[in-house]
1. Based on this model, can you work out whether D43 counts as more than 17 Å from the chain's Cα centre (by Cα) and open to solvent by less than 60 Å² (accessible area, probe 1.4 Å)?
2. When you look at V163, is it modelled with pLDDT of 75 or more, open to solvent by less than 90 Å² (accessible area, probe 1.4 Å) and over 20 Å from G19 (Cβ atoms), yes or no?
3. Please find, among L78, L110, L90, the residue that is more than 22 Å from L5 (Cβ to Cβ), open to solvent by less than 50 Å² (accessible area, probe 1.4 Å) and either at pLDDT below 75 or assigned to a helix (DSSP H, G or I) (or both).
4. When you look at A115, is it among the small types (G, A, S), touching a helix residue (DSSP H, G or I) at 6+ places or on another chain (Cβ under 8 Å) and either modelled with pLDDT of 80 or more or surrounded by 19 or more Cβ atoms within 10 Å (Cβ to Cβ) (or both), yes or no?
5. Given the conditions (1) over 28 Å from E37 (Cβ atoms); (2) surrounded by fewer than 17 Cβ atoms within 10 Å (Cβ to Cβ); (3) among the hydroxyl-bearing types (S, T, Y), and given that T130 satisfies all but one, which numbered condition is not satisfied?
Amino acid sequence: MTGPLADLLVVDLTRALAGPHATQMLGDLGARVIKVEAPGSGDDTRGWGPPFVGEPDARQSTYFLCTNRNKESIALDLKDEADKAVLIGLVERVTGRMRRAHRVGRTVVLRVRFADFARATRSHTLPRATAETDVVLRVARELFAAAAPLIEARGLTLIGLAVTNLEHARAVQLVLPFEAAGGAALDEAVDEIRERYGSAAIMRGVLLGRRPGLAMPLLPD
(Lines give C-alpha, C1' and ligand atoms only; values in the text may rest on other atoms or scores of the structure.)
Protein backbone atom coordinates (compact mmCIF):
# COMPACT_ATOMS: atom_id res chain seq x y z
CA MET A 1 0.00 0.00 0.00
CA THR A 2 1.27 3.45 -0.86
CA GLY A 3 0.74 6.65 1.10
CA PRO A 4 2.58 9.42 2.95
CA LEU A 5 3.68 6.96 5.67
CA ALA A 6 4.83 4.19 3.31
CA ASP A 7 8.34 4.18 4.84
CA LEU A 8 7.06 3.79 8.42
CA LEU A 9 7.00 0.49 10.34
CA VAL A 10 4.67 0.38 13.37
CA VAL A 11 4.65 -2.36 16.02
CA ASP A 12 1.10 -2.40 17.43
CA LEU A 13 1.05 -3.57 21.07
CA THR A 14 -2.36 -2.07 21.84
CA ARG A 15 -5.81 -3.50 22.49
CA ALA A 16 -9.43 -2.36 23.02
CA LEU A 17 -10.29 0.79 21.05
CA ALA A 18 -8.06 3.89 21.15
CA GLY A 19 -4.71 2.23 20.37
CA PRO A 20 -5.89 -0.11 17.59
CA HIS A 21 -7.88 2.69 15.97
CA ALA A 22 -4.82 4.99 16.02
CA THR A 23 -2.55 2.35 14.44
CA GLN A 24 -5.28 1.54 11.90
CA MET A 25 -5.22 5.18 10.77
CA LEU A 26 -1.43 4.91 10.37
CA GLY A 27 -2.01 1.84 8.21
CA ASP A 28 -4.62 3.71 6.16
CA LEU A 29 -1.92 6.31 5.46
CA GLY A 30 0.46 3.67 4.12
CA ALA A 31 2.45 2.55 7.17
CA ARG A 32 3.25 -1.13 7.60
CA VAL A 33 1.55 -2.11 10.87
CA ILE A 34 2.44 -5.39 12.64
CA LYS A 35 -0.04 -6.29 15.38
CA VAL A 36 1.30 -8.40 18.26
CA GLU A 37 -1.29 -10.83 19.69
CA ALA A 38 -1.32 -13.51 22.35
CA PRO A 39 -0.68 -17.10 21.15
CA GLY A 40 -3.75 -19.29 20.78
CA SER A 41 -6.64 -16.91 21.29
CA GLY A 42 -5.09 -13.82 19.71
CA ASP A 43 -6.32 -10.38 20.69
CA ASP A 44 -9.11 -10.82 23.24
CA THR A 45 -11.30 -8.33 21.34
CA ARG A 46 -11.64 -10.92 18.54
CA GLY A 47 -14.24 -12.54 20.81
CA TRP A 48 -16.09 -9.42 21.88
CA GLY A 49 -19.62 -9.70 20.53
CA PRO A 50 -22.16 -10.18 19.13
CA PRO A 51 -22.21 -9.27 16.31
CA PHE A 52 -19.75 -11.68 14.68
CA VAL A 53 -18.86 -12.44 11.05
CA GLY A 54 -17.31 -15.50 9.41
CA GLU A 55 -17.72 -19.25 9.73
CA PRO A 56 -18.53 -20.65 13.20
CA ASP A 57 -15.02 -22.10 13.62
CA ALA A 58 -13.31 -18.89 12.51
CA ARG A 59 -15.71 -16.13 13.44
CA GLN A 60 -14.47 -12.72 14.51
CA SER A 61 -16.18 -9.79 16.15
CA THR A 62 -17.04 -6.76 14.05
CA TYR A 63 -15.60 -4.73 16.97
CA PHE A 64 -12.17 -6.20 16.25
CA LEU A 65 -12.45 -5.91 12.47
CA CYS A 66 -13.48 -2.25 12.48
CA THR A 67 -10.25 -1.19 14.27
CA ASN A 68 -7.66 -3.55 12.76
CA ARG A 69 -7.71 -3.29 8.97
CA ASN A 70 -4.49 -2.83 6.97
CA LYS A 71 -2.43 -4.74 9.56
CA GLU A 72 -0.24 -7.83 9.65
CA SER A 73 -0.39 -10.05 12.73
CA ILE A 74 2.04 -12.17 14.71
CA ALA A 75 1.53 -14.13 17.95
CA LEU A 76 4.03 -13.60 20.77
CA ASP A 77 4.15 -14.69 24.41
CA LEU A 78 5.96 -11.76 25.98
CA LYS A 79 6.77 -13.84 29.07
CA ASP A 80 8.78 -16.28 26.93
CA GLU A 81 12.45 -15.43 26.35
CA ALA A 82 12.42 -16.55 22.72
CA ASP A 83 9.42 -14.38 21.94
CA LYS A 84 11.01 -11.45 23.78
CA ALA A 85 13.90 -11.84 21.33
CA VAL A 86 11.43 -11.60 18.44
CA LEU A 87 10.02 -8.41 19.91
CA ILE A 88 13.52 -6.97 20.30
CA GLY A 89 14.12 -7.80 16.65
CA LEU A 90 11.03 -5.80 15.69
CA VAL A 91 12.20 -2.88 17.80
CA GLU A 92 15.59 -3.05 16.09
CA ARG A 93 13.87 -2.75 12.72
CA VAL A 94 11.96 0.30 13.93
CA THR A 95 15.08 2.00 15.29
CA GLY A 96 16.90 1.09 12.10
CA ARG A 97 14.29 2.95 10.09
CA MET A 98 14.56 5.79 12.56
CA ARG A 99 18.28 6.00 11.86
CA ARG A 100 17.68 5.94 8.14
CA ALA A 101 15.27 8.83 8.62
CA HIS A 102 18.02 10.67 10.55
CA ARG A 103 16.01 10.83 13.79
CA VAL A 104 17.28 10.47 17.35
CA GLY A 105 15.42 10.51 20.66
CA ARG A 106 16.14 11.24 24.30
CA THR A 107 13.35 9.69 26.37
CA VAL A 108 12.82 5.92 26.60
CA VAL A 109 9.31 4.98 27.73
CA LEU A 110 8.34 1.50 28.94
CA ARG A 111 4.64 0.67 29.25
CA VAL A 112 3.38 -2.54 30.84
CA ARG A 113 -0.09 -4.03 31.19
CA PHE A 114 -0.80 -6.33 34.12
CA ALA A 115 -3.02 -9.39 34.30
CA ASP A 116 -5.87 -7.26 35.71
CA PHE A 117 -5.52 -4.92 32.65
CA ALA A 118 -4.20 -2.05 34.78
CA ARG A 119 -1.26 -0.20 33.25
CA ALA A 120 1.96 1.39 34.42
CA THR A 121 4.49 3.60 32.65
CA ARG A 122 8.17 4.09 33.42
CA SER A 123 10.48 6.46 31.56
CA HIS A 124 14.04 7.72 31.58
CA THR A 125 15.48 10.73 29.73
CA LEU A 126 18.99 10.37 28.41
CA PRO A 127 21.48 13.25 28.57
CA ARG A 128 22.00 13.00 24.80
CA ALA A 129 19.64 12.10 22.00
CA THR A 130 20.46 8.75 20.38
CA ALA A 131 19.25 6.16 17.91
CA GLU A 132 21.64 3.45 19.12
CA THR A 133 19.81 0.21 19.76
CA ASP A 134 22.19 -0.89 22.53
CA VAL A 135 21.65 2.33 24.48
CA VAL A 136 17.86 2.14 24.20
CA LEU A 137 17.82 -1.55 25.16
CA ARG A 138 20.05 -0.92 28.16
CA VAL A 139 17.70 1.76 29.47
CA ALA A 140 14.65 -0.40 28.68
CA ARG A 141 16.11 -3.29 30.67
CA GLU A 142 16.76 -0.96 33.62
CA LEU A 143 13.18 0.29 33.49
CA PHE A 144 11.90 -3.28 33.25
CA ALA A 145 14.01 -4.29 36.25
CA ALA A 146 12.52 -1.39 38.23
CA ALA A 147 9.01 -2.59 37.35
CA ALA A 148 9.82 -6.26 38.03
CA PRO A 149 8.35 -6.36 41.59
CA LEU A 150 5.00 -5.11 40.31
CA ILE A 151 5.10 -7.54 37.39
CA GLU A 152 5.85 -10.48 39.70
CA ALA A 153 2.99 -9.52 41.99
CA ARG A 154 0.37 -8.69 39.33
CA GLY A 155 1.41 -10.62 36.22
CA LEU A 156 2.28 -9.29 32.76
CA THR A 157 0.12 -9.43 29.64
CA LEU A 158 1.65 -6.73 27.45
CA ILE A 159 4.79 -4.62 27.22
CA GLY A 160 5.53 -1.67 24.95
CA LEU A 161 8.55 0.49 24.29
CA ALA A 162 8.71 3.98 22.80
CA VAL A 163 11.38 6.60 22.21
CA THR A 164 10.15 10.19 22.43
CA ASN A 165 11.62 13.71 22.37
CA LEU A 166 12.72 13.11 18.79
CA GLU A 167 15.16 15.39 17.01
CA HIS A 168 16.81 15.45 13.62
CA ALA A 169 20.13 13.63 13.90
CA ARG A 170 21.95 16.36 11.96
CA ALA A 171 20.59 19.22 14.07
CA VAL A 172 20.91 17.96 17.64
CA GLN A 173 21.23 20.64 20.29
CA LEU A 174 24.67 20.69 21.88
CA VAL A 175 24.76 19.20 25.36
CA LEU A 176 26.55 20.76 28.32
CA PRO A 177 28.48 18.16 30.39
CA PHE A 178 26.18 18.04 33.43
CA GLU A 179 27.48 14.64 34.54
CA ALA A 180 29.53 14.61 37.74
CA ALA A 181 32.70 13.87 35.81
CA GLY A 182 32.16 16.94 33.64
CA GLY A 183 31.80 19.54 36.40
CA ALA A 184 35.14 21.21 35.74
CA ALA A 185 34.52 21.38 32.00
CA LEU A 186 31.13 22.99 32.62
CA ASP A 187 32.66 25.63 34.91
CA GLU A 188 35.32 26.41 32.33
CA ALA A 189 32.67 26.83 29.60
CA VAL A 190 30.56 29.16 31.78
CA ASP A 191 33.63 31.23 32.74
CA GLU A 192 34.62 31.62 29.10
CA ILE A 193 31.11 32.78 28.11
CA ARG A 194 31.02 35.34 30.92
CA GLU A 195 34.50 36.60 30.09
CA ARG A 196 33.58 37.10 26.45
CA TYR A 197 30.00 38.41 26.77
CA GLY A 198 29.74 39.74 30.32
CA SER A 199 28.81 38.33 33.70
CA ALA A 200 25.06 38.56 32.95
CA ALA A 201 25.29 36.60 29.69
CA ILE A 202 24.55 33.29 31.40
CA MET A 203 22.92 32.48 34.72
CA ARG A 204 21.19 29.66 36.52
CA GLY A 205 17.63 29.06 35.41
CA VAL A 206 16.34 29.39 38.96
CA LEU A 207 17.52 33.03 38.98
CA LEU A 208 15.68 34.07 35.81
CA GLY A 209 13.08 36.78 36.44
CA ARG A 210 14.07 37.26 40.06
CA ARG A 211 14.74 40.70 41.45
CA PRO A 212 18.24 41.05 42.88
CA GLY A 213 16.90 42.56 46.13
CA LEU A 214 19.52 43.58 48.68
CA ALA A 215 23.03 42.97 47.41
CA MET A 216 26.46 43.19 48.91
CA PRO A 217 29.04 45.33 47.09
CA LEU A 218 31.15 43.08 44.90
CA LEU A 219 34.47 43.51 43.20
CA PRO A 220 34.27 43.56 39.37
CA ASP A 221 34.42 40.14 37.70
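The values are calculated or read from the model by the stated rules, or taken from the named source; none is laboratory data. None of the values given here were measured: they were computed from a predicted structure. As a convention, Cβ positions derive from the backbone with ideal geometry for all residues, glycine included, and neighbour counts pool all protein chains shown. Just so you know, the surface numbers come from the protein's heavy atoms only, side chains and all, with ligands and any DNA or RNA stripped out. Shrake-Rupley method; radii C 1.70, N 1.55, O 1.52, S 1.80 Å.
1. Yes.
2. Judged against the criteria, V163 is not a match.
3. Criteria check complete, one pass: L78.
4. Judged against the criteria, A115 is not a match.
5. Checking T130 against (1) over 28 Å from E37 (Cβ atoms); (2) surrounded by fewer than 17 Cβ atoms within 10 Å (Cβ to Cβ); (3) among the hydroxyl-bearing types (S, T, Y), the one that fails is (2).
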